[in-house]
Each structure stands twice: as C-alpha cells, then as structure tokens.
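S.K.: Sending over a structure as structure tokens; questions will come in a sec.
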Amino acid sequence: MRTPPLADLRERLKSERAALAAAFIERPAASSYLGRHAALVDGVLFELSTRLELPHDFCLAAVGGYGRGELFPGSDVDVLLLMPSEPTAGQQAKLENWVQACWDAGLEIGHSVRTIEACLSEADADITVETNLLEARFVWGASGLYHDFERRFLARFDAQHFFDGKLAEQKARHARFDDSAYKLEPNLKDSPGGLRDLHTIHWIARACGITGGWNGLARAGLLTQNEARRIAREERALSALRIHLHVLAGRREDRLAFDYQTELAARLGLAPTAHKRAGERLMQGYYRAAKLVQRANGILVQSLRVLLFPVTAPPQPIDTDFQVRANLLDARDPGLFEHRPDALLRAFIVYAQHPSLAGFEPVTLRALWRGRTRIDAAFRANPAHRALFMDLLRQPVGVTRALREMHRYGLLGRYIPAFGRIVGQMQHDLFHVYTVDEHILTVLRNLRRLTVPALAHELPLASRLIASFDRPELLYLAALFHDIAKGRGGDHSELGAVDAKRFCRQHGLDETESELVAWLVSMHLVMSRTSQKEDISDPEVITAFAARIGSTRRLTALYLLTVADIRGTSPSVWNAWKGKLLEDLYHAARAQLLGDDEAVANIATKQSEARINLALYGLPGSAADALWQHLDERYFIRFDARDMAWQARMLWRHTESPGAIVRARLSPAGEGIQVLVYTPDRPDLFARICGFFARIQYTILEAKTHSTRHGYALDSFQVMDLANRGIHYRDFLSFVEHELARDLDPSRPLQPTPRGRLSRHQRHHPYPTTVRLQADAPGYGHMLSITCPDRGGLLFDIAKVLMRHNVSVYAAKIDTLGERVEDTFLIRGASLQTPAGVEPLIADVRAVLQ
C-alpha cells in the first residue's frame, strides 16, 4: 500500500507550530499556546486518519497531557488507537502505515493499540497507564466505541486504590530528586514542586469526583477563591517557563540547565541587579514558586485523602486547644488561630513534643497557612510570642521537624523577616548545592543530629561536646542567622551578626548569650579556613587562632557550628580528612587556651611516643635514629607521633637509598590513603607527584614536604578518590607504590597530564579567580593562596609553574569545595625576595588558571 503524499501536512504542522511559538514569545500566554497546539495536532491527526482510511469502527483518542489539552512544544503526542477486537492482518498493515505517516508528517507520537478489554487490563496493572486513560479525549473515529470505553473504564475505577498508587508514585518521583526542589538544575516537570505535583492534585481530585480545576477545588471548600487564583497563576507561570525552555532548546528539555538560565531570564524580562545575576533572579522566582506548589500539594493531597478515607475513630485530646485525629495534629476549634494568634507558634511546639505525629490535619494545615498573615510586626514584638519561639528552640526533640514545617507553610519567614528574604536564593559559589534557606535548615538539622545518642558514632567528638554544652539553643540561633544576610552585598557574616544580636536581645537573652550568638555568626568561617588553609602543626598558627577565639566555650561552640555548616553545604564536600583537621585544630587550640600548649609542642614527648609505637612492631627504639639524625626541629613540630613512627619504620635501613622509596597506607583519618615519598631531593619532585595523581584522577588533600640535612626529600601526601569509584584499596596501595616510584625515576621525562575541562556550571556561573602571595607569618617563606574553579590537572599545572621559577613547596593544603578549590601553598625560593621575581610568578600562575 502506497502512502499518499504528506508534504502539505508536514509543512502545515511546521509553519503553524512556528507561528504559535512566535506568538507566544511576543505575548506569553501558556494556556492559549497549549490549547491551540493540541487543537493543531488534533486537526493533523484527523486528516491523517481520514486520508489513510483507518477502519471506521476504530477510534483515536488523545491521552496523557495531550489528552487534557496541554501539549508543550517538545512533548510527545500520546495517542490510543482503540479497536473493537484484535486487528486482522490487513488492519494491522493499515495501522503500521498510519504510524509511519504520523512520523513522516512531523508528529512524534507515542502510541498504543488496544481493545477495551486490554485497556482495562493494563490500567489494573499499571498506575501510569490508568492515569493516561483517565485523561483520554476523543479525536477521531467511532465515538460509540470511545463512549463504551469511557463508561467501562469509570465503572471499574477504584478511587482509593488510585489515590494510594499516585501517592506512592509521587514519593518515588520525589526520591529520584533527593526530595528536594532546590537542585541547581531542577526538572520543571518532575522535580518536587514541579508541574507534576500540580497534575497529581488534579488527578486525585478527579478520583474524588471534583472537576473544574482549581475553581472546582474552591467550590468543594478545599481552597479559597484567592488561593485558587494564586495557584492557577503559578501553574501558568511554570507552564510558560516550560514552553520557553522547549522553544529555546529546540526539543523536549525539562531541566532548567545552566545553559538556558540566563537566556530564559532575558526572555522573561529579568535584568541583573547589583547583587544578583539575571539567572539567579530567575531561579529564585522558580524556587519560590516550587515552594508554593509543594505547600499546595501537601495541603490538598491530605484534604483529598480525608474525602476518600473518612476518619471514624474519635480524636484523642492533647490539651484544651489541640487533639490527635488519625495520627495528625488537629486544632479542636477551627477558628483557633483567628481567636488566639499565639496558637500559630504553640501548634509547632505541640508538634515537636509529639514526634509520632505524621503531620497536621488538613483543616488545621489550611488554617495555619491562612493564619501566617497574622504574623506581623505587632505579633513579633509581643513578649509572649517571643517566649514561645524560644520555647520551641529549647524542646528536647522535634525542633528541626517543627521549623521545617513552619518554613514549608510560610510561618518561619513571617516570624523572621530576614529569613523570608533569602527563601529560594541560590548560591552559585560552586560548592553549595542548596538554596540559602535550605542550607540554613540543613545546618540546624546537623546540629540536632549531634544530640541524638543513637547517631553518636557518626561524629563522636562533636556528639560528646554538644551533650555537655549548656544552652544548645544558642547554637541553633547561630545556625539560623549564620548565612541570613547573603545577597545583601557586603560581608554577610558581619551583617548577619548584627541581625542575630538584635534578635537575641529582643528574645530575652542576656548580654553574654547574645554576644556569643553574634560572635559565632561573625566567625563562622574562621575555623574551617584555618584548618584547611593554614599549617595547623605550626605552634604559631595555633597561638594566633586561640587568641582570636578567647575561651574554651567559644571554641567548642565554633567547632560544633563549623562541623554542621560544612556538612550542610553539599553531600560531597565533607570528608573524614576535613573532620580530622577540625578535630586536630580543636584539640590544639583547647590545649593552648588551657595553658597546656607546652605538652603539645614538646618534641621529646612526641619522640617517646613514636619509639613506643615502633616497639609494638618489634623494632628497637633506636631504629628511628637512622632517620631522625638527618631531620631538624621543624620536622618534629609538623608531624605527630604516629606519622613519625610509620615513616621511621618504613625507612629503617633505607635512609641512604639512591632511588625513590614510595610507601602507602590507608589514611589514619578514615578515608583515602597516606603516601610517603623519600628520595634524593630535586626541583621537579612536587610536579611529578602531582602529575601522577592527576593522571589516575586522585585528589591531593594535603602535602607536607621536608628536606633532610643530607639532601633527601621526605614528603607526605594525603590523597583521596573524591569520585568514590569503589577502588579496592589493598591492590591500589601496591599500584601507587610501584607506579609512582617509576614516575620519580629521574631518567624518565616529566609525564604529560591532560588538561581538564570546566563543567557547565563553571562556564555559566564563573567564580572569580584570586591569587595572593604574602610573607608567611612564622617567617619560613611565603604563602601562596589560590581560589578558582576546579578542573583536572590544575594542581599539576601550578606545580610546573613553581618548578620553572625555582620555587619549592614545603607545605600545601588542597581544599576542594564541590567544583571550587581553595589551595594554599607554603613556598620558598630566591625569586620571592624581589618584585622582579614575584610579579612574573603571579602572572604565570594566573595564566594556568584560565
């Protein structure tokens, strides 16, 4: 059978789609575009079905999004070919010809060919198929067959089963996105807070017999008219954004990728401001819309559940104002929040006090949402309300859960207006993966996790410290305010400290407590920077740090906040090595503050401990002397007793080896490996070692290099696989020892290392590169600080520059923060003594960072 020419239909579809897109760009109206696009495809399908003479007892129906009359530019055209019985061979040939003709005409169809019985059977087996068929719409053919299908489909429809299936489907979909609407590149359709969450509400409402969209839900008493209009407005805005995205990408693309964010912002008329890029303004608007969608989904799905599953058990009273109904917190008086505004806060205290509760009863939830506007300046100034908020923070359990619910339904941002201003604010600093508001609540959660005895094994020191910390609510306040001033311009730590101190005073904290919270906010970056950028084995670094801290209580508070903060930036930023650095800094600073610093720096004590360690391996204490006789005092200051013992054991009887000795072990920090390199010293060593680890895609976290009195280099490296490739470490240790020793052979040329590429995130949100060189405070040399986007081979390129300028590295801290690095090198060299030597070095370093 020969297919009739379809060029006219193809051209019609192409030109009318282009006209629709142009009209939309000129005057964005999502509902109009989606409906007109669906109507255009209806006409093309009708014409195709007529031209190709599909059997007249067949029926063509639109299903899915196309079935409800919402066809986005890049979406598939989902259709159902309904048959009265299984097709004959001739009919099957016609159907295949018709499907091919659809593609030839430019329609990317997703089709199914079924009888009514097959449709019902598939719907019973698959909730996705059932949902598609729920939205079926007649397009062409035997209308009687379609109405018979519609009647039989609805007759077997089980609303309760459908509800359970859609709820499970939504939970699984949210889990694919880590239950977060705040990804850097969210999916407009499927992410939590995306369009699919709104579709789920519509589908369940239809299962409850509620039609008419948002107005229908308002007529059913589940929304006010104002709420219905607002949700409809956000749905149109998200739909318009998805249309723009499809048109811009030229295909189906539902991810708000970095590549499109700036151009989408321009199409929506969003210009950059003094403190935000246009793309950041776009994303903040999206995140706020997603939060509203999540809020509406949570309230309405719960409300619809009550309609489908009526509660018959009597409620259990909690107090005069609240009760438990079906394991949900319920206000006993529907008008409670109107008559008693303080109940807006008391509800969350009760919620925190009853951790077994699954949430809030729908009517109460809607009342809380609507009551949020009662939280105004007068409400916030009321001493009783301030006391209630502090009471919430002092609850032994449920604080994080309660504050997250307050945030979800808009009450937290009303009570702390500065918090409300950073809702949905993204942080394009290449390592935060959450919006500012989500990061703050994650830091608070991390602090609260430290108080749970069952989780003490995760961070034993921090768990022990917080258990004995008096007034832990001060830490929670510091967490709430530590990043609250981001996006204002200026130093967010200092601005946030001002806000925090004012809030503390208003909430009845005394001067000492208020000062501590404000100090924590202003200093919240200091401990991480010191541990990851400076040589914390240097007593002068510890002395200077301890002087800034001033007391052990402040030190403990800052340590706890720092641990929670780093762990709250991104799942990939925290590692055991950073944890060890912070612990070492904490212990050293605490000893300094308690006047016990002499014991920390006592070389004789370290040497004695190292000799005892050697004895455990059956070596005499004098075994260390073969190595130690060649080392100066600085070596014994920089390395701890365990490292000294390991190095002495590995190098016993090899201190005069003519070739490179490489030894590797699992890192005592708990992650990664520690590598010891001992070889006759020469200028290219650091570059060769960096190149080796770059080629095998391992990240150097810290380097300590030391030159012996007899011309050898003793270098120690902490190395980690940040990609978590699941390498078998025992085999890998042998590989490193053999291959790195081979690379260090001076007869072999310096091996090239591929230059890595910047990620899309880095290209579209460039982070400023900074290079600073300053005299090292202890006077041993200079400190070179580099902050820039990360890429493969970066450290190797820097090492080659230092080598060309005859500059040696005696210590390095490599801090990888997501896609950003903050590297610190302690360096020496004659060229660093004059501007004529310094300026070319800095210029060459900058050049390799580009």
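S.K.: Which condition does PRO55 not pass, out of (1) touching a residue at least 24 places away in the same chain (Cβ under 8 Å); (2) within 21 Å of ARG242 (Cα to Cα); (3) surrounded by fewer than 19 Cβ atoms within 10 Å (Cβ to Cβ); (4) out of contact with any Pro (no Cβ under 7 Å at 6 or more places or on another chain), if it passes all the others?
M.R.: Condition (2) is where PRO55 drops out.
S.K.: Select from region 499-552 the residues that are assigned to a helix (DSSP H, G or I) and among the small types (Gly, Ala, Ser) and list them in ascending order.
M.R.: ALA500, SER514, ALA518, SER522, SER528, SER531, ALA544, ALA546, ALA547
S.K.: Which residues, counting only those in region 800-815, are open to solvent by 20 Å² or more (accessible area, probe 1.4 Å) and either under 26 Å from MET527 (Cα atoms) or touching a strand residue (DSSP E or B) at 6+ places or on another chain (Cβ under 8 Å) (or both)?
M.R.: Within region 800-815, just SER808 meets the criteria.
S.K.: Test of understanding: among VAL443, VAL526, VAL498, which residue is among the β-branched types (Val, Ile, Thr) and either touching a Ser or Thr at 6+ places or on another chain (Cβ under 8 Å) or free of Cβ contacts under 8 Å to residues at least 24 places away in the same chain (or both)?
M.R.: Only one candidate passes the filter, namely VAL498.
S.K.: Just one of LEU9, LEU48, LEU71, LEU34 is closer than 30 Å to LEU264 by Cβ, open to solvent by less than 20 Å² (accessible area, probe 1.4 Å), in a helix (DSSP H, G or I) and in contact (Cβ under 8 Å) with a residue 24 or more places away in the chain; which is it?
M.R.: Just a single option satisfies the conditions, and that option is LEU34.
S.K.: Residues ARG464, ARG445: which one is open to solvent by 40 Å² or more (accessible area, probe 1.4 Å) and under 25 Å from the mean Cα position of the chain (by Cα)?
M.R.: Answer to the check: ARG445.
S.K.: I need the full set of residues from region 556-576 which are among the hydrophobic types (A, V, I, L, M, F, W, C) and more than 22 Å from ASP815 (Cα to Cα), in order please.
M.R.: If the condition is that a residue be among the hydrophobic types (A, V, I, L, M, F, W, C) and more than 22 Å from ASP815 (Cα to Cα), then ALA557 is the only one that fits.
S.K.: Checking ALA377 against (1) out of contact with any Ser or Thr (no Cβ under 6 Å at 6 or more places or on another chain); (2) surrounded by 14 or more Cβ atoms within 10 Å (Cβ to Cβ); (3) modelled with pLDDT of 95 or more, only one condition comes out false. Which one?
M.R.: (2)
S.K.: A follow-up question, please. Output the strands (runs of 3 or more DSSP E) that fall wholly within region 753-825 and possess 1 or more residues being over 21 Å from PHE258 (Cβ atoms), touching an Asp or Glu at 6+ places or on another chain (Cβ under 8 Å) and modelled with pLDDT under 90, or say none.
M.R.: Answer list for region 753-825: 782-789, 808-817.
S.K.: Working only within region 81-112, note down all residues that are open to solvent by less than 60 Å² (accessible area, probe 1.4 Å) and within 47 Å of the chain's Cα centre (by Cα).
M.R.: Result: LEU81, LEU82, TRP98, VAL99, ALA101, CYS102, ALA105, GLY106, LEU107, ILE109, GLY110, SER112.
S.K.: Continuing with the same structure: Restricting to region 234-255, name every residue that is open to solvent by 10 Å² or more (accessible area, probe 1.4 Å) and out of contact with any Asp or Glu (no Cβ under 9 Å at 6 or more places or on another chain).
M.R.: GLU234, GLU235, ARG236, ALA237, ALA240, LEU241, VAL247, GLY250, ARG251, GLU253
S.K.: Of the conditions (1) on the phi < 0 side of the Ramachandran plot; (2) touching a residue at least 12 places away in the same chain (Cβ under 8 Å), GLY213 fails just one. Which one is it?
M.R.: (1)
S.K.: Turning to a different aspect of this structure: Test GLU494 against the stated conditions and say whether it is among the charged types (D, E, K, R), at negative phi and assigned to a helix (DSSP H, G or I).
M.R.: yes
S.K.: Scanning for something farther than 25 Å from ALA811 by Cβ and surrounded by fewer than 17 Cβ atoms within 10 Å (Cβ to Cβ), does region 532-548 turn up at least one residue?
M.R.: no
S.K.: Residues being touching a residue at least 24 places away in the same chain (Cβ under 8 Å), open to solvent by less than 40 Å² (accessible area, probe 1.4 Å) and either in a helix (DSSP H, G or I) or of a type in the set (Val, Ile, Thr) (or both): count how many of those fall in region 133-177.
M.R.: Going through region 133-177 one residue at a time, the tally reaches 14.
S.K.: Can you pull out the strands (runs of 3 or more DSSP E) entirely within region 669-726 that have at least 3 residues that are farther than 17 Å from ARG649 by Cα?
M.R.: Correct list: 699-707, 712-720.
S.K.: Step by step: first the residues of region 260-277, then only those that are out of contact with any Asp or Glu (no Cβ under 9 Å at 6 or more places or on another chain) and outside any loop (DSSP other than H, G, I, E, B), then the one that is surrounded by the most Cβ atoms within 10 Å (Cβ to Cβ). Which residue is that?
M.R.: Looking at the filtered set, the residue picked out is LEU264.
S.K.: Right, here's the next one. Of the conditions (1) closer than 19 Å to LYS533 by Cβ; (2) open to solvent by 10 Å² or more (accessible area, probe 1.4 Å), ASP797 clears all except one; give me its number.
M.R.: All conditions pass for ASP797, except number (1).
S.K.: Just checking, how many residues over region 666-691 are more than 28 Å from the chain's Cα centre (by Cα) and either over 13 Å from VAL736 (Cβ atoms) or open to solvent by 10 Å² or more (accessible area, probe 1.4 Å) (or both)?
M.R.: Summing the residues that are more than 28 Å from the chain's Cα centre (by Cα) and either over 13 Å from VAL736 (Cβ atoms) or open to solvent by 10 Å² or more (accessible area, probe 1.4 Å) (or both) in region 666-691 gives 15.
S.K.: Are any of the residues in region 301-316 touching a Cys at 6+ places or on another chain (Cβ under 6 Å) and buried (at least 18 other Cβ atoms within 10 Å of the Cβ)?
M.R.: Taking every residue of region 301-316 in turn, at least one turns out to be touching a Cys at 6+ places or on another chain (Cβ under 6 Å) and buried (at least 18 other Cβ atoms within 10 Å of the Cβ).
S.K.: Go through (1) over 37 Å from the mean Cα position of the chain (by Cα); (2) of a type outside the set (A, V, I, L, M); (3) open to solvent by less than 10 Å² (accessible area, probe 1.4 Å) one by one and return the number of the condition GLY64 breaks.
M.R.: (1)
S.K.: Check every one of the helices (runs of 4 or more DSSP H) wholly within region 562-639 and list those with 3 or more residues that are open to solvent by less than 50 Å² (accessible area, probe 1.4 Å).
M.R.: Qualifying helices (runs of 4 or more DSSP H): 576-593, 603-616, 625-628, 633-638.
S.K.: Quick check on region 492-515. Is at least one of its residues under 30 Å from ASN724 (Cα atoms), modelled with pLDDT of 95 or more and either of a type outside the set (Phe, Trp, Tyr) or buried (at least 19 other Cβ atoms within 10 Å of the Cβ) (or both)?
M.R.: There is no residue in region 492-515 that is under 30 Å from ASN724 (Cα atoms), modelled with pLDDT of 95 or more and either of a type outside the set (Phe, Trp, Tyr) or buried (at least 19 other Cβ atoms within 10 Å of the Cβ) (or both).
S.K.: Right, next: Only residues that are surrounded by 16 or more Cβ atoms within 10 Å (Cβ to Cβ) and either farther than 25 Å from LEU133 by Cβ or in contact with a helix residue (DSSP H, G or I) (Cβ under 6 Å, 6 or more places away or on another chain) (or both): list them for region 218-231, please.
M.R.: Listed by number, the residues that qualify are ALA218, LEU222, LEU223, GLU227, ALA228, ILE231.
The values are calculated or read from the model by the stated rules, or taken from the named source; none is laboratory data. Since this is a predicted model, take the numbers as computed values, not measurements. Positions of Cβ are backbone-derived with ideal geometry, glycine not excepted, and every protein chain shown enters the neighbour counts. Heavy atoms of the whole protein, side chains included, go into the accessibility calculation; ligands, DNA and RNA do not. Shrake-Rupley method; radii C 1.70, N 1.55, O 1.52, S 1.80 Å.
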